[in-house]
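Comments concern the structure below.
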Amino acid sequence: MDNSLLVIDDEPIIRKLLSRMLELEGYSVHCAEDKSSGLKATKRFNPQVVLCDVFLPDGNGVDMIKDIKAIQPNCEVVLLTAHGNIQDGVQAIKNGAFDYIVKGDDNRKIIPIISRAMQEATKEMLKEKPNEGKDVLHTFNSILGKSASLQKAIALAHKVAETDVPVLLTGETGTGKELFAQAIHHTSRRNKYNFVAVNCSAFSKDLLESELFGHKAGAFTGATNDKKGLFEVADKGTLFLDEIGEMNFELQAKLLRVLETGEFIKIGDTKPTRVNVRIISATNRDLKEEIERSNFRSDLYYRLSVFHIPLPPLRERREDIELISRHFIKIISLKMNKNIDGVSNDFMNALLTYEWKGNIRELKNVIERSIIVCDKKLVFQDLPLELQEQGFSKDENSSDQTAMDLATIEHKHIARVLQYTNRKKEDIFYNYTIDIELKDKNKEKKFEKIEEYKIVP
């Protein structure tokens, strides 16, 4: 589910305060200033919860509940009422509102009410679509961030989603290329059909050809049955070709033919198979450079890049890091059944200043490992060592102090991991999720560190 929420209020200050409060809880928040724009936003964003003021310039929030429900039947509506207008809240409940909040009450009441409303909306959606919980596609509401560079990419993706033209997504690893691809498909006219993803770097040339186009029984040793290719599976839907820059040069020619004619021939077959598939491709390579190196076909590039969307790296949108981090903390702690009681300033500052070469994927992994080793509140010492070390001066004049501080960090980090796992020291180095990540990756050196600090598992 998307945790999408719409705030409708004609007061800019109220919208801003509510938006900030709810974003810090990990919700994807959209805003509208009146009834008309609120109904348009409901159609566009399909929010799970709407937080709506009673008094709007062009209508009444109580009466608006039925209009919202007509657009999004499973959406839960929470009304904002002024002091002395409790009757509005009562009438709102009769009209189908989930609950009402009196303006001026303790703001701490808002989050629990919204949380319950979100749970109820999710429950109703799963009742309506019982299979959705297994394989839910991401929508644009799943893309967290308010930075200008990200919003530009989202706006471009929104526009192209309504068409059938090929889309090329470029960006560093971990920037969310598949998430964007899913969102484009979800918003397109093809959303009732399959979204199929394949990583072109995960297969050899021959295996990838078989995966994409399928084969006939007896086409090669081991081909005992006919096999549908991913193009057939994605017919009338969308095929996402991830890491397209890794595709074999010879296979690129066959892909180009499909794009030009809509037809392909299965391995071992003589008759062409016709499909209607939208192509979205992605790469972290510079395909123009690959063309100059004769690694990528220029004609294929121009077919794939009809609409190019570059995705910004996380370090270029640092204003989004806190929002994304708190979202991950919320969902990961729930998954692990751990009650995280806040985040220290040092912890968050370290996240805000780190370079994040692995982008959002790396951020998620860091938070996951930090939650594993934390006691209750996420603190600086819960971070992997490379993030902790960045906070210490590299100045030569402070080298002794730095060495002492780093030793303290190592000691505390190893002790905490060993305490959490309750395992023998030999076992800990084989556990991927709790690797203590000392700079020296040699196992014997890690053993030496444990002995040096006299840490007892």
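Each reported figure results from applying straightforward, stated rules to the coordinates on display, with no laboratory input. Every value quoted in this text rests on a predicted model; they were computed, and no experiment measured them. A quick note on method: Cβ atoms are made from the backbone with ideal geometry, for glycine too, and the neighbour counts reach across all protein chains shown.
Working from label points 7 Å from Cα in the Cα-to-Cβ sense, the R44 to I111 distance is 2.9 nm. Set the Förster distance to 56 Å, then compute FRET efficiency between I14 and L385 from the Cβ-Cβ distance, nearest 0.05. The pair I14/L385 has a calculated efficiency of 0.80.
Most exposed first by the Cβ proxy, i.e. fewest other Cβ within 10 Å, how do Y193, Y100 rank?
On the way: Y193 18, Y100 23.
Ordered by Cβ neighbours within 10 Å, fewest first: Y193, Y100.
Centre-to-centre, using Cα atoms only, region 179-254 and region 341-389 are separated by 37 Å. The length gained on full extension between E322 and K159, counted as 0.36 nm times the residue separation minus their Cα-Cα distance, comes to 55.9 nm. Ordered by the number of other Cβ atoms lying within 10 Å of each residue's own Cβ, fewest first, I184, I93 fall into the sequence I93, I184. Between N337 and S204, the modelled label-to-label distance comes to 4.4 nm, taking each label 7 Å out from Cα in the direction of the beta carbon. Spin-label pair D58-I71: with each label point 7 Å from Cα along the Cα-Cβ axis, the two points sit 1.1 nm from one another. Applying the criteria of a DSSP loop state and at most 13 other Cβ atoms within 10 Å to the trypsin sites (Lys or Arg not before Pro) of region 268-299 yields R293.
Over region 238-385, Cα pairs under 8 Å with separation of 6+ residues give a relative contact order of 20 percent.
For region 205-299, which chymotrypsin sites (Phe, Trp or Tyr not before Pro) are both in a DSSP coil and crowded by at most 12 other Cβ atoms within 10 Å? The partial results should precede the final answer.
Details: sites: F213, F220, F231, F240, F249, F264, F296; in loops: F220, F296.
Listed in order of number, the matching sites are F220.
In this structure, the pairs whose alpha-carbon distance is over 28 Å, taken from K35/K146; K43/K338; K16/K338, are K43/K338; K16/K338. Using only the alpha-carbon atoms of region 140-310 as identical scatterers, what base-10 log of I(q)/I(0) does the Debye formula give at q = 0.15, 0.19 Å⁻¹? Computed log10 I(q)/I(0) values: -0.83, -1.27. Per-residue Cβ neighbour counts within 10 Å put I71, I324 in the sequence I71, I324, beginning with the fewest.
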